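Please treat every number below as a calculation from the coordinates, not as lab data. Predicted model only: the values in this text are computed from it and were never measured. Glycine gets a Cβ as well: all are built from the backbone with ideal geometry, and neighbour counts include every protein chain shown.
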Amino acid sequence: MDKIEEQLAHLTRTVEDLSDVIARQDTEIVLLKRRVQMLLEREADRESAGGGGVVLGNERPPHY
């Protein structure tokens, strides 16, 4: 009976620890989603403003 109680206490602690980890990860995911959304909106604003100042690959800049 003591061994079962010890295992139960260990499992309870493990579940509580995992719950804390999941709660922290959820908070981080929400924050990262907000940041990605902000970056997507910022990039959409740049594209709509015609600010295509980034040269990709072998593309020539617009002044050539």
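With θ taken as phi - 60° and the Karplus curve 6.51 cos²θ - 1.76 cosθ + 1.60 applied, the whole-hertz 3J(HN,Hα) list for region 32-41 is 5, 4, 4, 5, 4, 4, 4, 5, 5, 5 Hz, x standing for glycine and proline.
Considering only the other residues whose Cβ falls under 14 Å of the Cβ of S19, what net charge follows from Lys and Arg at +1 and Asp and Glu at -1? Display every interim value, and only then the final one.
On the way: positive: R13, R24; negative: E16, D17, D20, D26.
Net of charged neighbours comes to -2.
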